[in-house]
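**Student:** Below is one structure. I have some questions about it.
The values are calculated or read from the model by the stated rules, or taken from the named source; none is laboratory data. Since this is a predicted model, take the numbers as computed values, not measurements. All Cβ positions, even for glycine, are placed from backbone atoms using ideal geometry, and neighbour counts span all protein chains on display.
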DNA sequence: ATGGTAATGAC
RNA sequence: CUUGUCAUUACCAU
């Protein structure tokens, strides 16, 4: 007989779990009801939920740019009361469902981390010759409600819980005044979503296990190991067919079969067979982060920050550096410390600096005699004029030009009472009917207005066509109070659908 | 040991 | 006025 989730709502909707839930949630970003975390009344929430009169607030739809990518992340932000309710349930559900999950599933689970996943994958690759690297297309947004609810229904005894979860996943989103229904997928931002996503993909884990396949899965990102290319091809075909039965598809252009000699990236780590490394881009980021630790008013806080960052790096990244990267890292580290000393050499005496440096943690083990030499060299080098590295010298010049280009391409209007229009294919600024400035449209990619001016509709039309954004900045606060058009088309897409609605008779 | 904050980093 | 889960590290308090 299978173990079931037999807890009833009353058993975990208590004052204690309420307090726990409020602690675990961020206290920023209000939902649409505008309630702050300390304005949520537990008594009322509990009554509503137990009596099934509870209704979640629609989510706040938001698009934020993904890091280093020209894509947007679609978020739905629930109100605090809904987050709290979900959190209280998630805690118990997590405990129950975690027992059912595969040991090869690593995301969002207590005691598991992406590091474990990386090393597990490496260990598997020592036993196999081929690997399928793939991920699922629009995973969160593709989860099928009926299939998910069916699974939950099998395990959860108290059906009021099923009703709650249904309310949450089917809850719609507001973008400004436009409401978007939610027929499929779980919201990115809901507390329960990570767990629900694991429950859903547990079906695939079980399928892979039944077929005797070794794999490592982190959310929708996973690798499957095989003994030959043919085996990999067959497995992939079989997997695709299975995924169709749970309404999922693979991301075609991120799916590939690799042998021990071709590189691929999994969880931010470069794999080449069982040899791990980190990408040049990530490596540069690491160096930049290291340097940024010394931007401190006090030498001791700078050292504390550096030590914290180094300790953090030791837990995984340092183990993944190639010999070349190690060497570069050490050079950069030495340079960073020299810069730090240079910054404080005028205001602190030699002893104060030496005392601070003695606390310094090194990324790699350093013998005591060598350590003394290094510390001394930092002090000596700091006295010399600063000589930038070749790349830094070129970078600085590059940035200077980028700034200039940006200056050229942004039309920033600060003089009041002008009229911005389009004439003969150019943006023109007029004062009392006379043209004072002209700008070629093709060169402009942003317009910033922080004063009171007039704007012709032709300008707005041209800007929308060319995806030139217009920002209106408040003179006093320097904050943007309105933006017309973004360079990304995710939002305009919704806007156009709204316009098409307004054109109908129903409008 | 247990409680808190602030980083980073995977999705 | 940029979410969620998990992990790691550092610091502080008892």
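**Student:** Test residue A:313 against the criterion of being part of a helix (DSSP H, G or I), within 12 Å of DNA strand B (Cβ to nearest atom), at pLDDT 85 or above and under 30 Å from residue A:133 (Cα atoms), and give yes or no. Full working, then the answer.
**Tutor:** Numbers: part of a helix (DSSP H, G or I): yes; within 12 Å of DNA strand B (Cβ to nearest atom): yes; at pLDDT 85 or above: yes; under 30 Å from residue A:133 (Cα atoms): yes.
When the stated conditions are applied, residue A:313 passes them.
**Student:** Among the residues of region A:1-40, write down those that are closer than 20 Å to residue A:167 by Cα and more than 16 Å from RNA strand C (Cβ to nearest atom).
**Tutor:** A:5, A:7, A:8, A:9, A:10, A:13
**Student:** Sticking with this structure for a sec: Here is a list: A:16, A:33. Which entry is farther than 22 Å from residue A:169 by Cα, under 32 Å from the mean Cα position of the chain (by Cα) and either more than 16 Å from DNA strand B (Cβ to nearest atom) or not in a loop (DSSP other than H, G, I, E, B) (or both)?
**Tutor:** A:16 is the lone residue from the list that is farther than 22 Å from residue A:169 by Cα, under 32 Å from the mean Cα position of the chain (by Cα) and either more than 16 Å from DNA strand B (Cβ to nearest atom) or not in a loop (DSSP other than H, G, I, E, B) (or both).
**Student:** Among the residues of region A:209-229, how many are within 24 Å of residue A:272 (Cβ to Cβ) and outside any loop (DSSP other than H, G, I, E, B)?
**Tutor:** Taking region A:209-229 and keeping what is within 24 Å of residue A:272 (Cβ to Cβ), we get A:213-229.
If we keep only those that are outside any loop (DSSP other than H, G, I, E, B) as well, we get A:214-218, A:221-226, A:229.
Result for region A:209-229: 12.
**Student:** Continuing with the same structure: List the strands (runs of 3 or more DSSP E) inside region A:230-295, counting only whole elements, that have at least 1 residues being buried (at least 17 other Cβ atoms within 10 Å of the Cβ) and within 14 Å of DNA strand B (Cβ to nearest atom). So that I can check it myself, show each step before the final result.
**Tutor:** Numbers: elements: A:256-258, A:264-266, A:269-272, A:275-277.
Per the criteria, A:264-266, A:269-272, A:275-277.
**Student:** Scan region A:43-81 for residues that are assigned to a helix (DSSP H, G or I), surrounded by 12 or more Cβ atoms within 10 Å (Cβ to Cβ) and more than 10 Å from RNA strand C (Cβ to nearest atom) and report the count.
**Tutor:** Qualifying residue count, region A:43-81: 7.
**Student:** Out of the residues in region A:80-111 that are within 22 Å of the chain's Cα centre (by Cα) and more than 26 Å from residue A:16 (Cβ to Cβ), which is nearest to DNA strand B (Cβ to nearest atom)?
**Tutor:** A:107
**Student:** Taking the stated definitions as given, is residue A:140 within 24 Å of the chain's Cα centre (by Cα), within 13 Å of DNA strand B (Cβ to nearest atom), touching a residue at least 40 places away in the same chain (Cβ under 8 Å) and within 26 Å of residue A:184 (Cα to Cα)?
**Tutor:** Numbers: within 24 Å of the chain's Cα centre (by Cα): yes; within 13 Å of DNA strand B (Cβ to nearest atom): yes; touching a residue at least 40 places away in the same chain (Cβ under 8 Å): yes; within 26 Å of residue A:184 (Cα to Cα): yes.
Here the answer is yes, as residue A:140 does meet what is asked.
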